[in-house]
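> Structure below; questions to follow.
The values are calculated or read from the model by the stated rules, or taken from the named source; none is laboratory data. This one's a predicted model, so the numbers in the text were calculated from it and none came from an experiment. FYI the Cβ positions are ideal-geometry reconstructions off the backbone, even for glycines, and counts take in every protein chain you see.
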Amino acid sequence: MSRTLIIARYVWALPATSAGLLLSLIALAVGAKGRIVDGVVEIAGGRIDRCLLVLPRYCRFGAITFGHVIIGVDQETLARHRLHEHVHVRQYERWGVLFFPLYLSSSLLQIARGRDPYLNNSFEREAFAKSVSCELRPIPAVNRTPISGAPSTEVSSAPDTLSF
């Protein structure tokens, strides 16, 4: 891939990445650690899991992506969901700032059809289909808490990983 195309993808996703970086500052303030894996900023740990308790149960997550930023409750969760979340990174590169209203519209459409707004969201379906985390799908509707008891995956220590 040409350097120009790579830069264009990062710029196109920049509004979402900026939102992710702002949320990352909060996560870092509560003790999270950051690193760069395959060109994506990953933030995890600290007291993120406790901070999520203030959200309604259906809004809680194990990992969430904003552009080129992935925020997870801990490194183990990030390792388990890395491929899934990287599909979302590619979606942000494809749709840019349009990802936000398109994702929301897909969820609202599923609600109108009487389906689960997360599991049946077209962006999530693509991410599940293209990642090995398919067997780690959350229980539909109310249980959006991190999946525990699932086998852990080693966190990459490849040269393309930079901790901070």
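> Among the helices (runs of 4 or more DSSP H) confined wholly to the stretch 1-86, which include 2 or more residues that are under 12 Å from the mean Cα position of the chain (by Cα), of a type outside the set (D, E, K, R) and more than 23 Å from Asp116 (Cα to Cα)?
Once the helices (runs of 4 or more DSSP H) in the stretch 1-86 are filtered for at least 2 residues that are under 12 Å from the mean Cα position of the chain (by Cα), of a type outside the set (D, E, K, R) and more than 23 Å from Asp116 (Cα to Cα), what remains is 14-29.
> Cβ-Cβ distance below 8 Å, separation of 6 or more or different chains: which pairs start in the stretch 62-74 with a residue that is more than 15 Å from Ala13 (Cβ to Cβ) and free of Cβ contacts under 8 Å to residues at least 24 places away in the same chain and end on one that is not small (Gly, Ala, Ser) and not in a strand (DSSP E or B)?
That search, which allows pairs on different chains as well, returns Ala63/Val73; Ala63/Thr77; Ala63/Leu78; Ala63/His81; Ala63/His84; Ala63/Glu85.
> Select, from Arg3, Arg9, Arg47, the only residue that is without any contact (Cβ under 8 Å) to a residue 40 or more places away in the chain and surrounded by 12 or more Cβ atoms within 10 Å (Cβ to Cβ).
Exactly one residue qualifies, and that residue is Arg47.
> While we're looking at this one, here's another question. Taking the stretch 87-120 as the region of interest, how many residues are within 25 Å of Gly39 (Cβ to Cβ), of a type outside the set (A, V, I, L, M) and touching a residue at least 12 places away in the same chain (Cβ under 8 Å)?
The number of residues fulfilling the criteria is 8.
> A further question on this structure: Regarding the stretch 85-98, can at least one residue be identified that is modelled with pLDDT of 95 or more, more than 20 Å from Ala129 (Cα to Cα) and of a type outside the set (D, E, K, R)?
Looking through the stretch 85-98, at least one residue is modelled with pLDDT of 95 or more, more than 20 Å from Ala129 (Cα to Cα) and of a type outside the set (D, E, K, R).
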